Amino acid sequence: MKKIGLLQRETPLEYLPNLSKNLGPDIYVKRDDEGGRGGGGNKLRKYERLIAKAVELNCDTLIIAGHYQSNAARALVGAACQLGLNSIVVCKKMIPSKNEVFDKTGNALLMSLMKAEIIDIEKNADFDHEMDMVASKVRAEGGVPYVIPFGGSNVLGSLGYVDCAKEIISQFEQLNGNHPDYVVVPTGSGGTHAGLVSYFHREKIKTQVLGFSVLSDKETAEKTVSDLVTEILIKIGDRSTEAPTILVDDNFVGEGYGIPTKQGIDSIRILAELEALFLCPVYTGKAMSGLINYIQKGRISSQDKVIFLHTGGGPLLYPYYEKLYNS
Ligand SMILES: *Cc1c(COP(=O)(O)O)cnc(C)c1O
């Protein structure tokens, strides 16, 4: 379970005084948006082990499924550049674009700057099948391909968030001498959520991970996370027989992946105005809108200590500029 160093250091854990004062509970942010190159974000922790594995297998070409505004694809292209590996992004349109620069700015621009190799496929084409074809082509040309799992979320990738949970606990103890009551995350492919839950469960820490879905319905998301947790716990040597509770709320995803919600946009404004912290309309804005709602409804109390995991995605502000501009 070797790692390749993409982060280089711990990410900061910071108190958010203005937001806390406004809402009631003490709220902290874990800055996984800060750190690493290629634009950073939560995918780097997953790639540290996935790419170490690829290198161990003598692979020279990393293949990933994505779209023009994919953080996962952009971060992978960045990691490949840094490490001197090739990367290929198998790309389809996954977000209905609302303006003509949508597929040219944000992550699309960063990938273009890094000279990403992008292969466009039809909207209804099957990602796995298309990636297999790309992998065969790489092999035919004498290369050795490695296919990155969806969102980097298999067991190996998710171990990056077992590391993060450990980091959170030790940093929070130093700041507060205690454990946080909640860690709030956006839940997509589920590896981030699953890694955190697994560590807390193994260490018998009562911190509850609260996931706000950005992709699937509650049932699907909870099953995805729960299946991953089962596998991770075997891998990290958990001997308890009891399964941890998985909580995903799908009430803040709106019409679907990549489609902004009003509460998500409001949350982006609130965090920018109060804390100069930038969230995005696809992931962190929606998760923050869930957190704000839970506090307003009293489901999280003023006595609770909350950590919001900032998973990155800063480049996603730009393609949505029309919805965000204060005019
Ligand atoms: C991919 C991503 C997520 C979702 O993480 P999963 O591990 O796939 O659930 C959340 N936030 C950002 C910014 C992401 O890029």
Here the net charge surrounding residue 123, from other residues whose Cβ is less than 15 Å away from its Cβ (Lys, Arg +1; Asp, Glu -1), is -3
With each pseudo-label sitting 7 Å past Cα toward Cβ, what's the residue 274-residue 97 distance in nm, one decimal?
3.5
Scattering profile of the range 54-197 from the Debye formula, Cα beads only, expressed as log10 I(q)/I(0) at q = 0.11, 0.13, 0.19 Å⁻¹, is -0.51, -0.68, -1.16
Over the chain, what is the percentage of antiparallel beta bridges among all DSSP beta bridges, to the nearest 5?
10
Taking amide H positions as placed 1.01 Å from N in the peptide plane, with prolines and chain starts having none, which residues 5 or more places from residue 147, or on another chain, fall under 5 Å of its amide H?
63
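Multiply the residue separation of residue 239 and residue 303 by 0.36 nm, subtract the distance between their alpha-carbon atoms, and state the gained length in nm to one decimal.
19.8 nm
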Please report how far the C-alpha centroid of the range 242-310 lies from that of the range 1-76, rounded to the nearest whole angstrom.
19
Listed by chain and number, the lysines with an alpha carbon less than 25 angstrom from that of residue 223, same-chain partners under 8 positions apart left out, are 43, 46, 166, 204, 206, 235, 286
Looking at the chain, do any whole DSSP H helices span at least 30 angstrom along their long axis by alpha carbon and average -1.0 or above on Kyte-Doolittle, and which?
155-176
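Kindly rank 209-219, 4-14, 279-289, 185-195 from highest to lowest mean number of other beta carbons found within 10 Å of each residue.
In descending order of packing, they fall as 185-195, 279-289, 209-219, 4-14.
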Share of the chain's accessible area from carbon and sulfur, percent, 1.4 Å?
49
With runs of 4+ DSSP H residues as the only contributors, calculate the mean residue ellipticity of the chain at 222 nm using -39,500 (n - 2.57) per run, divided by the residue total and rounded to the nearest 500.
-13500 deg cm²/dmol
Using 7 Å Cα-to-Cβ label points, what is the residue 137/residue 104 separation (nm, one decimal)?
2.5
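The values are calculated or read from the model by the stated rules, or taken from the named source; none is laboratory data. On a predicted model such as this, the values are computed, not experimentally measured, just so you know. Neighbour counts are summed over all protein chains in view; Cβ atoms, including those assigned to glycine, are modelled from backbone coordinates with ideal geometry. For accessibility, only protein heavy atoms count, side chains too; no ligands or nucleic acids. Shrake-Rupley method; radii C 1.70, N 1.55, O 1.52, S 1.80 Å.
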